[in-house]
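Written out below as structure tokens is the structure these notes cover.
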């Protein structure tokens, strides 16, 4: 399939051929859901922790004698039903990551790219380069192109001035092609690829 190439000044710059096996698939929501769940689970820190009764620094002496008081039988003050006692089965530091086969992850990225192409939310530009790191100028160019919530994927490296100018714009993310991922693609309304990014993705899935 062919896609028009534009510049940051909203001028035409020819066309580019997009491989059908990457951008022309019928998107499957189940695969995209599995991939987003995999990414978000892997992102969780899993550092929450509470003390159980063995970790609470409190007396372990028996509260009162076992029989004859008319009250319930109790031992340590560290038990969970007392104020300041330990938590039963509370959370401990752990990994929330789940497994997902490498082939499924690669397929999910293809389906995410195809979903943007099918919904006409995929834009190809010739390059992401500006002369000065001016956020105001870049914002004006984005308004001219009709960009709101946008993910921009460049080649192996993102120009420092472009990244610096874009970082203060809300709902705008700029990543090198190595950082492309399903969650960020689906989170933004528009996906912008440079010609270098298209070539890198084509070589990646060859």
Report summary line: Exactly one of 97, 10, 41 is within 38 Å of the chain's Cα centre (by Cα) and modelled with pLDDT under 90, and that residue is 10
Requested in this report: Would you point out which residue out of 79, 117, 108 is at pLDDT below 95 and closer than 28 Å to residue 41 by Cβ?
Outcome: 117
Query raised in the report: If residue 83 passes every condition in (1) over 28 Å from residue 127 (Cβ atoms); (2) in contact (Cβ under 8 Å) with a residue 40 or more places away in the chain; (3) loosely packed, with under 11 Cβ neighbours inside 10 Å but one, which one does it miss?
Result: (2)
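Kindly establish whether residue 101 is loosely packed, with under 11 Cβ neighbours inside 10 Å and either touching a strand residue (DSSP E or B) at 6+ places or on another chain (Cβ under 9 Å) or in contact (Cβ under 8 Å) with a residue 40 or more places away in the chain (or both). Step through it out loud before you land on a result.
On the way: loosely packed, with under 11 Cβ neighbours inside 10 Å: yes; either touching a strand residue (DSSP E or B) at 6+ places or on another chain (Cβ under 9 Å) or in contact (Cβ under 8 Å) with a residue 40 or more places away in the chain (or both): no.
Answer is no for this residue.
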Report task. Just give me the residues in the stretch 24-66 being outside any helix (DSSP H, G or I) and touching a residue at least 40 places away in the same chain (Cβ under 8 Å), in sequence order. Result -> 24, 25, 26, 27, 28, 44, 46, 47, 48, 49, 50
Requested in this report: Could you please let me know if residue 151 is crowded, with 20+ Cβ neighbours inside 10 Å, under 24 Å from residue 38 (Cβ atoms) and modelled with pLDDT of 95 or more?
Outcome: yes
Report summary line: Residue pairs within 7 Å by beta carbon, gap of at least six or interchain, first lying in the stretch 126-146 and under 16 Å from residue 5 (Cβ atoms), second surrounded by fewer than 15 Cβ atoms within 10 Å (Cβ to Cβ) and modelled with pLDDT of 90 or more, listed first then second, are 126/7
Query raised in the report: Could you list, in sequence order, the residues of the stretch 110-133 that are farther than 21 Å from residue 13 by Cα and in contact with a helix residue (DSSP H, G or I) (Cβ under 6 Å, 6 or more places away or on another chain)?
Result: 110, 111, 112, 113, 114, 133
Query - Verdict on residue 75 being on the phi > 0 side of the Ramachandran plot and either without any contact (Cβ under 8 Å) to a residue 40 or more places away in the chain or not in a loop (DSSP other than H, G, I, E, B) (or both) - result: no
Report task. Would you tally the residues in the stretch 145-188 being farther than 21 Å from residue 132 by Cα and under 12 Å from the mean Cα position of the chain (by Cα)? Result -> 10
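The values are calculated or read from the model by the stated rules, or taken from the named source; none is laboratory data. Just so you know, these numbers come straight off a predicted model, no measurement behind them. Using ideal geometry, Cβ is built from the backbone for each residue, glycine included, and neighbour counts are taken over all protein chains shown.
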